[in-house]
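Written out below as structure tokens is the structure these notes cover.
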Amino acid sequence: MLDTIKKIFELSKKRINFLHNVDNKWWYFWHKTYIEWLKEELEEVKQEIKESNSVYLEDELWDIFWDYICLLHSLEEEKMINRDKVFERCYKKYIERLWTSAEFKQVNWQETKKKQKEELKKEHDLMYNNK
């Protein structure tokens, strides 16, 4: 699975590079395009969630994944994010929340979430308020 995901990342990166270097793209508006497409694909997933429909549902789920990966690449090309940090943040966020829940350390999900939001605010303030 990881090999396939790597291939998908490379393919989406090529697609973004192509789109950013082609003239006459009247329909392409960088990250905004993928945000709109994600909304549309989510609606299509909702329509495909029904019994005996896994083929179409898997296809629509793939479209969401594709648009999300392209969104990340686009935002990175626009110098708005670091894609690797998105995944690092995801892991940190959920390992803290799930680990505490799964291990029954009596740490409340909401308390953990509040602590994480405070840490994000500190990081944000350090990054943007000290300039």
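A few points about this structure:
- Proximal lysines relative to Lys32, as straight alpha-carbon distance under 16 Å, when same-chain residues fewer than 8 apart are discounted: Lys79
- Mean separation of Cα contacts under 8 Å, 6 or more apart, over the residue count of the stretch 28-70: relative contact order %: 50 percent
- Set of aspartates and glutamates with alpha-carbon distance to Lys39 below 13 Å, sequence-local pairs under 8 removed: Glu60, Asp63, Asp67
- For Arg15, solvent-accessible area (1.4 Å; no DNA, RNA or ligand), Å²: 90 Å²
- The chain - convex hull of the alpha-carbon atoms, volume per residue in Å³: 173 Å³
- Which of Val22, Val55, Val45 is most accessible, then next, and so on - probe 1.4 Å: Val55, Val22, Val45
- Mean residue ellipticity (222 nm) of the chain, computed from DSSP H runs ≥ 4 via -39,500 (n - 2.57), nearest 500: -26500 deg cm²/dmol
The values are calculated or read from the model by the stated rules, or taken from the named source; none is laboratory data. Given the structure is predicted, the values throughout are model-derived calculations rather than measurements. Just so you know, the surface numbers come from the protein's heavy atoms only, side chains and all, with ligands and any DNA or RNA stripped out. Shrake-Rupley method; radii C 1.70, N 1.55, O 1.52, S 1.80 Å.
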